[in-house]
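Here is the structure we will look at.
The values are calculated or read from the model by the stated rules, or taken from the named source; none is laboratory data. These figures come from a predicted structure and were not determined experimentally. With ideal geometry, Cβ positions are generated from the backbone for all residues, glycine too; neighbour counts draw on all protein chains shown.
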Amino acid sequence: MKLSDFRKQLPFLVQDNMTVFYSMRMLKKYTLDFDVYLPSIGKNLQRPFVWTLEQKQALILSVLKGMHIPNISIIIVDHKVYQIIDGKQRLSTIMAFIDNLFPFNCNGVDYYYKDMPSDVQNAILGLPLKFNVAYSFEEAPIADQDKIQWFEAINFAGTALDKEHLKTLKG
């Protein structure tokens, strides 16, 4: 028996910890597919946008504190479309905040991105996001089942945090 017997490999190469975009503004130049429609099963890979305002504001606070934001996993399709395999809620939240679609609450006062000081805006725009990247080309596409396998490996490898346990920690 070998270690490789236990490690199920994806049928495509994933490059980890890549800097694909050097600023959040650069993302807007590309087509971002947040749903990733899977024609073979007639469904989207990603769930709908589900984060609450409180969750979105917590992410913005994490960004402002300089905390680590987990990698975003994407498939680049023919250098044109970026399919978001993991990180839809995080990435869309940061983009929505920059677009002034929701406020950040600080000490009971709501601030939209446009109202924040330039050093705060620059900290958000300069956020060093890292990506796990795979490439899918017309002559060598990544199959729907392979996308599902990657999605499952990323999202179901652990156990979801018990909300009751979290409540007890907060008192």
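Restricting attention to the range 23-46, the residues being free of Cβ contacts under 8 Å to residues at least 12 places away in the same chain and either hydrophobic (A, V, I, L, M, F, W, C) or surrounded by fewer than 12 Cβ atoms within 10 Å (Cβ to Cβ) (or both) number 3.
Checked against the criterion of being at pLDDT 95 or above, closer than 30 Å to residue 139 by Cβ and of a type outside the set (A, V, I, L, M), the candidates 83, 9 yield just one match: 83. Any residue at all in the range 7-17 that is surrounded by 14 or more Cβ atoms within 10 Å (Cβ to Cβ) and more than 16 Å from the chain's Cα centre (by Cα)? Checking the range 7-17: at least one residue is surrounded by 14 or more Cβ atoms within 10 Å (Cβ to Cβ) and more than 16 Å from the chain's Cα centre (by Cα).
Checked against the criterion of being aliphatic (A, V, I, L, M) and over 30 Å from residue 112 (Cα atoms), the range 48-63 has no qualifying residue.
Filtering the range 110-132 to residues that are in contact with a strand residue (DSSP E or B) (Cβ under 9 Å, 6 or more places away or on another chain) and of a type outside the set (S, T, N, Q) leaves 110, 111, 112, 113, 116, 120, 129, 130, 131.
For the range 83-100, the criterion of being buried (at least 20 other Cβ atoms within 10 Å of the Cβ), without any contact (Cβ under 8 Å) to a residue 40 or more places away in the chain and more than 16 Å from residue 124 (Cα to Cα) is met by at least one residue.
For the range 101-143, a residue qualifies if it is among the polar types (S, T, N, Q) and within 19 Å of the chain's Cα centre (by Cα), and the qualifying residues are 132, 136. Criterion first (basic (Lys, Arg), more than 22 Å from residue 83 (Cα to Cα) and either modelled with pLDDT of 90 or more or assigned to a loop (DSSP other than H, G, I, E, B) (or both)) does residue 147 satisfy it? No, not satisfied.
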